[in-house]
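See structure below.
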Amino acid sequence: MSAKANHKLWRWSVGAAVVGAGIGLAGIAVAGGGQVTSKQAVSQDAPGSPGLYAKSAEESGPGLSTEDAVANVLTGMDGTAVQSARLIDAPKSATKRLPWVSVTVDSDQGGDDVHAVWLAQLVQGAVADQARTAEGATADVVGGGQLVDMDKAGDRVVVDLGTGSVAGGQKFGSPNDSVFTERAQTVANKFGLEVKDVQVLHPLESALSVTFTLPGDDVLTWNIDDLRTALAGNPTEAEGVFIEIDSPDGDPLLRNGAAYRTGGGGLWFAPGQDERFGAVHGGIPVDTGGAE
């Protein structure tokens with residue numbers, strides 16, 4: 001399937017909103033301004049406080065230097081498409097004069113690859129939590145991030161990642177890799193999918209990347225939020241989840257990433273697949289120029 005000039009990519013950062021008894025929904029600011037709502041629950045102690053995806057958070061962090069934090073996180077991301085990371089000064093437009101993390105990822109997509117965005121956001125959040133002392137949110141430690149990537153022509157492309165109001169020091173209590181791998185298969189069976197690939201990454205605890213195949217054209221009784229929550233758990237046990245769903249021919253239908261230390265994520269879908277998978281989105285989409 002060719003989705004040239006028709007497929008859509010959104011990038012977002014989360015600011016949680018209080019709903020009911022301390023449980024909010026993640027309000028996602030997408031490219032072009034608009035609001036999207038994710039069904040992933042975010043708890044807050046008070047209006048305006050950082051959102052919490054995990055069951056708990058530590059009051060204080062290890063307080064590593066940002067350089068040591070970057071080194072530790074890169075070790076955990078060894079074997080991924082992350083090439084390097086470094087601290088940079090915040091751009092003049094930033095409201096906080098805090099350092100940013102610049103993450104170089106090798107995807108050949110020029111910043112328009114949801115997986116590359118997701119990897120960079122994992123690094124950004126993990127660095128913030130390693131450098132954190134008593135700051136309430138990861139955004140109070142690292143003010144933002146950028147993805148540095150190369151497009152198919154070999155030109156360098158830089159994409160701002162953003163950051164949300166998310167509690168620092170979240171303790172996800174990630175299970176071991178085999179539990180996540182088995183969960184992916186269990187979830188696939190429940191949702192009528194086939195597992196194509198599973199990877200468990202370790203920025204600090206664990207993040208889960210799963211590629212599924214959707215074997216038929218049946219009407220779905222679930223949406224992408226249901227699938228992501230089943231993989232991550234609720235409260236969330238993974239610091240990030242990436243999902244790709246492919247057709248039986250191997251063509252990608254939808255890609256979705258969520259990074260829970262920064263509240264960031266991304267969404268890509270082939271034409272018409274947003275409605276099929278209940279992928280909630282809004283605002284003006286970023287036209288990525290098409291994929292061959």
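Each reported figure results from applying straightforward, stated rules to the coordinates on display, with no laboratory input. These numbers come from a predicted model, not from an experiment. In this analysis, Cβ positions are derived from the backbone assuming ideal geometry, glycine residues included, and neighbour counts consider all displayed protein chains.
Brief remarks on what is shown
- Separation in nanometres of the label points that stand 7 Å from Cα toward Cβ, at Val157 and Gln199: 1.8
- Segment Leu87-Asn234, extension gain: residue separation times 0.36 nm, minus the distance between their alpha carbons: 49.7 nm
- Spin-label pair Asp217/Glu182, simplified geometry with 7 Å Cα→Cβ offset, distance in nm: 3.8
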